[in-house]
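Data first, discussion second: the structure below is written as structure tokens.
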Amino acid sequence: MSASEREQRLVFGEIAKQYDEYRPSYPDALFDTIIEFGELNDGDRALEIGAGTGKATAGFVTRGLRVHALEPSPAMAAILRAKGVETEEILFESWEPPTGGFRLVYAAQAWHWVSGEDRYERVAGALAPGGTVAFFWNKGREWTGPLGVDNDAVYARHAPEMKGGKHWELDWVSDGLAATDAFEPPVKRIITWSRTYTRDEWEQLLGTHSDHRMLPDGQRRRLHSAVGDVIDRHGGRVDVVYDVELYLSRRA
């Protein structure tokens, strides 16, 4: 890839403030589930991979964990540091863990961006014996009924290659953990929550999605405007149900 080409996993830094303002966080039940599973205590060390602007970080910090964040984007890392989070501007693939290990290693909406055949082994190497790994994603459910039909029509017209923004399957995460001798058999949990978006909020949120960021500017503006028009035709607000897909395991 030439220097002039953009790498999709790093485009979030282009809109770091927008990302911090409009990306959804995570429900309390998610953090409580991880804390309980890992038997984590106040003061335990946690490593976050691809922390972004800290959408998940705060949930662990407020529960007393000492989070060390890895974030390759300087713009995203600057926002993290402004929140008082200990941050390194580096990819997990290039990072060497300190001695002692972490009681928790986690990635929120980020593990699919990590490359390398040894990535699971690298996580195990960063964990203390008995430590917990947690990978999780917010997965918004597809819109249904007339709203969903109209939204799909907009994507078919303006960005047919995106197929309406369908979400990906994540069971490969369980497969990767199960195939790594260093981990106990993984556990999958689903935690459901919801929030309501105005037209502007949803358009701003779409602007933080990497597949949308990769569209040419004009195409992206037309797509977002058309999606906003759909929301206006259906009351000006949209209720989105999120299923947080959580994968847990312990270092054996």
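Kindly indicate whether Glu184 is acidic (Asp, Glu), over 19 Å from Phe12 (Cβ atoms), open to solvent by 60 Å² or more (accessible area, probe 1.4 Å) and at pLDDT 95 or above. Show your work before the answer.
On the way: acidic (Asp, Glu): yes; over 19 Å from Phe12 (Cβ atoms): yes; open to solvent by 60 Å² or more (accessible area, probe 1.4 Å): yes; at pLDDT 95 or above: yes.
Against the criterion (acidic (Asp, Glu), over 19 Å from Phe12 (Cβ atoms), open to solvent by 60 Å² or more (accessible area, probe 1.4 Å) and at pLDDT 95 or above), Glu184 qualifies.
Residue-wise test of (1) β-branched (Val, Ile, Thr); (2) touching an Asp or Glu at 6+ places or on another chain (Cβ under 9 Å).
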{"site": "Ile79", "(1), (2)": "yes, yes"}
{"site": "Pro97", "(1), (2)": "no, no"}
{"site": "Phe102", "(1), (2)": "no, yes"}
{"site": "Trp111", "(1), (2)": "no, no"}
{"site": "Val133", "(1), (2)": "yes, no"}
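Which condition number in (1) aliphatic (A, V, I, L, M); (2) closer than 18 Å to Lys17 by Cβ; (3) open to solvent by 60 Å² or more (accessible area, probe 1.4 Å) is the one that Ala179 fails?
Here Ala179 clears every test but (2).
Any chance you could count how many residues in the range 173-204 are out of contact with any helix residue (DSSP H, G or I) (no Cβ under 9 Å at 6 or more places or on another chain) and in a helix (DSSP H, G or I)?
Total meeting the criteria: 3.
How many residues, within the range 4-49, are modelled with pLDDT of 95 or more and touching a Pro at 6+ places or on another chain (Cβ under 8 Å)?
Of the residues in that region, 1 qualify.
Return the residue satisfying two criteria in turn: it lies in the range 162-172 and is on the phi < 0 side of the Ramachandran plot and in a helix (DSSP H, G or I), and of such residues it is surrounded by the most Cβ atoms within 10 Å (Cβ to Cβ). Talk me through it step by step, then tell me what you get.
Applying the first criterion (on the phi < 0 side of the Ramachandran plot) to the range 162-172 yields 162, 166-172.
Those left that are additionally in a helix (DSSP H, G or I): 162, 172.
Numbers: Met162: 16, Trp172: 11.
In this case the residue turns out to be Met162.
What number goes with the only condition from (1) in contact (Cβ under 8 Å) with a residue 60 or more places away in the chain; (2) not in a helix (DSSP H, G or I) that Gly52 does not pass?
All conditions are met except number (1).
In the range 226-252, which residue that is assigned to a strand (DSSP E or B) and among the hydrophobic types (A, V, I, L, M, F, W, C) is nearest to Glu39 (Cα to Cα)?
Selected residue: Leu248.
Please tell me if Thr33 is in contact (Cβ under 8 Å) with a residue 40 or more places away in the chain and not aliphatic (A, V, I, L, M).
On the way: in contact (Cβ under 8 Å) with a residue 40 or more places away in the chain: yes; not aliphatic (A, V, I, L, M): yes.
Yes.
Is the range 188-208 home to any residue that is farther than 30 Å from Asp28 by Cα and in contact with a His (Cβ under 7 Å, 6 or more places away or on another chain)? Before you say what the answer is, go through the steps one by one.
Just the residues of the range 188-208 that are farther than 30 Å from Asp28 by Cα, to begin with: none.
For the range 188-208, residues farther than 30 Å from Asp28 by Cα and in contact with a His (Cβ under 7 Å, 6 or more places away or on another chain): absent.
Restricting to the range 70-114, give me the number of residues that are basic (Lys, Arg) and touching a residue at least 24 places away in the same chain (Cβ under 8 Å).
Going through the range 70-114, the residues basic (Lys, Arg) turn out to be 81, 83, 103.
Restricting the remaining residues to those that are touching a residue at least 24 places away in the same chain (Cβ under 8 Å) gives 83, 103.
Qualifying residue count, the range 70-114: 2.
How many residues does the range 37-64 hold that are open to solvent by 10 Å² or more (accessible area, probe 1.4 Å) and not small (Gly, Ala, Ser)?
11
The values are calculated or read from the model by the stated rules, or taken from the named source; none is laboratory data. These figures come from a predicted structure and were not determined experimentally. Don't worry about glycine lacking a Cβ; one is built from the backbone with ideal geometry, like all the others, and counts go over all protein chains shown. To get the accessible areas, we keep the full protein, side chains included, count just its heavy atoms, and leave off ligands, DNA and RNA. Shrake-Rupley method; radii C 1.70, N 1.55, O 1.52, S 1.80 Å.
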